[in-house]
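Structure record follows, encoded as structure tokens.
Any read-out appearing in this document is the output of simple, stated calculations on the displayed coordinates, not a laboratory observation. All values derive from a computational prediction rather than experimental measurement. Because the Cβ atoms are built from the backbone with ideal geometry, glycine has one as well, and the counts that use them run over all protein chains shown.
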Amino acid sequence: MARIVVETDVRVPMRDGVELVADVYRPEVAGTVPVLVHRTPYDRQIAAFSNIPADFLRLVREGFAVVLQDTRGRAGSDGRFRPFADEADDGADTLAWAQSRPWSSGRVGMFGASYVGATQWLAAAAGGDAVGAITPVVSSADYHSWLYRGGAFELGFALLWTAMFLAPPEAIRAGGDVGAVLDAADGADRLYLRTPLTDVPELTGAAPWYADWLARPAYDDGWAAVRRSSASSASLPPRSSSPGGTTCSARARWRATSRCGGTAAASRREPARGSSSGRGRTACWAGRSSSARSASGPPRTEST
């Protein structure tokens, strides 16, 4: 069994000069290997050992290189985090970088759930032939429908997602009052009853995009631009898309499937392309437990 080479804090340049940070796990073999990319706003080092939605070390043992990357403005990466806005270009640049590595065979896929699924839809449309397959789980390609349903703001989802998952790292990064953000997350039931909906000062500094979402209930050019980036390409790669989670994600995913040039029925058949039968470009991964070690320090080899 091949040993695993671990490279941490690898800086990946974007087209505008901003550098994003990634950790690379790859088998120590003489030739090149296919690559799987996971781009997350939730800290790549947490994603590495949560085994959600893939046991990445076992993917490496199956012959893949795995790149775990912090999205722009999150955890170790430079820049400013703007949900959805930069994921198309950053994703395309990351895919091109992964293709060009000396250990890469040039065949690149992506995997991940929820927002990490959104990073796949956006990168796949912008990245052209650089990506061979994507596997977005509980995600969709229409982000206006994540936040609005029939003209009503998806308060239950948007407020808790922002206060619990997105805003705390932003408050820490900016030297803000992270305690106030945590109080907002813990007191979400109370905030659900507060009006106007924009009256959430706890999120003002840590999550400026929240007020922007509330100010844009109509499907405007900004929402359309993001959707076009992810949903209107006629040349998206093979994809295994698993619905679930919130109703808005599931419904939006069904609509996005038809916009991508397919049908819901065809999308349901897509997992066969990513199965272990070898017909696709990604592995069929089960969430098995892992005896993962901490990845820190310079590149090294470890026995597995």
J(HN,Hα) series, the range 178-184, from Karplus relation 6.51 cos²θ - 1.76 cosθ + 1.60, nearest Hz, glycine and proline x: 5, x, 5, 5, 5, 5, 5
Quick one: if you take sqrt(5λ) for each eigenvalue of the C-alpha gyration tensor of the range 152-216, what semi-axes come out, biggest first, whole angstrom? 18, 13, 10
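Sort Leu182, Leu20 so the one with the fewest other Cβ atoms within 10 Å of its own Cβ comes first.
Details: Leu182 16, Leu20 27.
Neighbour counts put them in this order, fewest first: Leu182, Leu20.
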Take the alpha carbon atoms of the range 90-109, find their center, do the same for the range 5-37, and report the distance between the two centers in whole angstrom. 8
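Using the Cα gyration tensor of the range 1-116, with a ≥ b ≥ c the square roots of its eigenvalues, what is the shape: rounded (a/c below 1.5), prolate (a/b larger than b/c) or oblate (neither)?
Numbers: a/c = 1.93, a/b = 1.45, b/c = 1.33.
Since a/c reaches 1.5 and a/b is larger than b/c, the shape of the range 1-116 is classed as prolate.
When Ser100, Ser50 are ordered from fewest to most other Cβ atoms inside 10 Å of their Cβ, what list results? Kindly include the intermediate steps, with their values, before the conclusion.
On the way: Ser100 10, Ser50 17.
Placing the least packed residue first, the sequence is Ser100, Ser50.
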Mean separation of Cα contacts under 8 Å (at least 6 apart) over the residue count of the range 152-216, i.e. the relative contact order in percent, is 37
